[in-house]
Amino acid sequence: MITVFRSEENGIRQLDFPALEPGCWVNAVAPTGDEIDALARLVNVPADFITTALDPEETSHIETDEGAVLIVINVAKSTTEYDFDTVPLGIILTADHIVTVSIEANDILPRSVVAMNGFCTFKRTRFLLQILYKTATSFLRYLGQINRRSNQIEDNLRHAMKNEELYQLFDLEKSLTYFSAALRSNRVVIDRILRLFQNGQMRDIIKIREDDEDLLEDVQIEYNQAYEMVQMYSNVLSGMMDAFASIISNNLNIVMKFLASVTIIISVPTAIASFWGMNVAVPWAGSSRGFLFVLVISLAMSAFSTFWLWRKRML
């Protein structure tokens with residue numbers, strides 16, 4: 001699906017593809033082969049620029065061609081409650097248009113005219129920096145969710161004896177690995193963009209204004225903060241995995257020790273009852289109080305066993 005937006009004096013106007021005008025933003029989400037060919041022809045870029053971002057395994061990088069720049073970054077997404085991943089997002093800058101290409105919809109790009117508040121399709125460089133900034137903040141938002149869920153798992157693991165919580169921690173740790181790789185490559189792209197600004201390369205396409213410099217600095221700060229948080233959370237989760245694996249094993253050992261102690265306590269009156277149940281002469285066999293005597297002995301022996309096991313800290 002391809003949608004086209006254009007900023008005007010009275011607001012944002014949505015155009016019908018393939019009608020394009022200078023200063024448009026073209027957003028392509030999982031485009032078909034015909035749409036790819038038509039879009040490449042209309043914005044005058046190689047078709048590879050568009051198909052590159054449709055590869056789910058594509059890493060962040062920058063490509064340049066005559067009159068066009070392709071910037072591929074990885075954005076965060078949530079697949080399940082405890083599983084997070086990244087998906088590539090391609091941003092193509094030309095002299096007249098800005099094109100975004102993704103294999104699926106994401107929460108980085110606005111999807112309607114109403115959601116485009118603060119975006120201007122004419123200011124392509126600022127548009128690019130706003131996308132990069134939202135990408136960095138989305139990583140921070142998902143990291144906050146990962147932190148909260150890991151805290152919940154930690155509370156559950158203190159009394160757990162199953163592996164379900166460990167599997168959830170494993171999913172979170174795997175997600176942090178994806179985030180770490182994506183943020184590392186995204187930071188390289190940010191540094192490359194900064195060099196393009198400083199060297200004046202592709203000046204006709206990428207122009208940085210004074211009011212964009214602060215935004216670029218904010219982008220770098222957010223990415224550095226997100227990367228540091230990923231490293232910190234990854235180390236914490238790795239330690240939690242090792243610690244709580246031992247805790248679960250220890251909890252299971254405690255339960256088994258308790259059950260073994262209870263078995264010993266129960267076996268004492270059983271053994272005594274077995275001795276007095278033999279088909280031979282036993283003490284108090286003819287006494288009317290024989291059962292009471294045997295019961296008292298059984299209880300006394302059970303109490304002694306319980307006290308002894310308690311002193312040995314086996315209960």
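Residue pairs whose Cβ atoms lie under 8 Å apart, sitting 6 or more positions apart in sequence or on different chains, and linking a residue in region 291-312 that is farther than 27 Å from Ile254 by Cα to a partner that is of a type in the set (A, V, I, L, M, F, W, C), are Phe293/Trp284; Val294/Ile272; Val294/Ala273; Val294/Trp276; Val294/Trp284; Ile297/Ile272. Restricting region 281-313 to residues that are outside any helix (DSSP H, G or I) and within 59 Å of the chain's Cα centre (by Cα) leaves a set whose member that is surrounded by the fewest Cβ atoms within 10 Å (Cβ to Cβ) is Arg313.
Results for (1) more than 30 Å from Asn156 (Cβ to Cβ); (2) hydrophobic (A, V, I, L, M, F, W, C); (3) at pLDDT below 85, shown as yes or no for each residue.
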| residue | (1), (2), (3) |
| --- | --- |
| Leu252 | no, yes, yes |
| Trp276 | yes, yes, yes |
| Val282 | yes, yes, yes |
| Ser287 | yes, no, yes |
| Phe293 | yes, yes, yes |
| Val296 | yes, yes, no |
| Phe304 | yes, yes, no |
| Leu315 | no, yes, yes |
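Picking from residues in region 21-42 that are of a type in the set (Val, Ile, Thr) and out of contact with any Leu (no Cβ under 7 Å at 6 or more places or on another chain), the one that is nearest to Ile190 (Cα to Cα) is Val29. Looking for something in a strand (DSSP E or B), in contact (Cβ under 8 Å) with a residue 60 or more places away in the chain and among the charged types (D, E, K, R) - is there at least one such residue anywhere in region 97-108? The answer is no, given that none of the residues of region 97-108 is in a strand (DSSP E or B), in contact (Cβ under 8 Å) with a residue 60 or more places away in the chain and among the charged types (D, E, K, R). Close contacts from region 22-44, counting a first residue that is more than 23 Å from Ile12 (Cα to Cα) and a second that is crowded, with 16+ Cβ neighbours inside 10 Å and of a type outside the set (A, V, I, L, M), with Cβ to Cβ under 7 Å and a gap of 6+ residues or different chains, come to Ile36/Thr51; Asn44/Thr94.
The values are calculated or read from the model by the stated rules, or taken from the named source; none is laboratory data. Everything quoted here is computed from the prediction, not taken from an experiment. Glycine also receives a Cβ, built like all others from the backbone with ideal geometry; neighbour counts cover every protein chain displayed.
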